[in-house]
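FYI, it's all coordinate maths here, none of it is from the lab. What you see is a predicted model, and the numbers here were worked out from it, not measured in a lab. Every residue, glycine as well, gets a Cβ built from its backbone with ideal geometry; the counts of neighbours run over all protein chains shown.
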Ligand code: URA
């Protein structure tokens, strides 16, 4: 089945799932980008602007993300961008474990459909979804390999959240540095796959 069609179907399933937290009437922010993307960026949850537009990372953090991508020669449209939680929690509060659990089946399906080589979780909540005991200050920019229940081999490369980089020059420097590693990491991963096939 065409990936675009599968993603559209998944989006409709989320809209129809009344068991999910909707926080009053927050809009669904499903995710966007290239369905054939080799790299998927996964943030925490939509914010104010994302909720308004129904698109991920369109506020100030999103502008920084676009710039970081442009600096390594990856247009935003070439990657896939989403969040672990698909609706904005009230007052931008941190997502609760039960909310992450509620959206998990859909995130898993989204990852399965796109089948990226690299997942770059943005910030500690997204990172801890994949690597529960990791610390963002220690693990940012360090890739590790995970095997999903579906047998997908994924490289997880945690990155600081762009919103944190907007608050601290030191974090911004780290984030820029880590971003510059991504093209090499992708290339190495493709070559490793070709060698090992
Ligand atoms: N922060 C996130 O984690 N996700 C968005 O989509 C926007 C801001």
(request) Mind listing whichever residues of the range 60-88 are assigned to a loop (DSSP other than H, G, I, E, B), more than 10 Å from the ligand (Cβ to nearest atom) and over 13 Å from the mean Cα position of the chain (by Cα)? (result) 72, 73, 74, 75, 87
(request) Could you please find all residues in the range 1-16 being without any contact (Cβ under 8 Å) to a residue 12 or more places away in the chain and not in a loop (DSSP other than H, G, I, E, B)? (result) 5, 8, 9, 12, 16
(message) Considering only the range 17-38, I want to know if a residue exists there that is part of a strand (DSSP E or B) and either within 15 Å of the chain's Cα centre (by Cα) or in contact (Cβ under 8 Å) with a residue 24 or more places away in the chain (or both).
(response) yes
(request) Filter the range 150-171 down to residues that are out of contact with any strand residue (DSSP E or B) (no Cβ under 7 Å at 6 or more places or on another chain) and in contact (Cβ under 8 Å) with a residue 24 or more places away in the chain and give me whichever is farthest from residue 58 (Cα to Cα). (result) 150
(request) Within the range 112-119, identify whether any single residue is within 16 Å of the ligand (Cβ to nearest atom) and either within 16 Å of residue 27 (Cα to Cα) or in a helix (DSSP H, G or I) (or both), and answer yes or no. (result) no
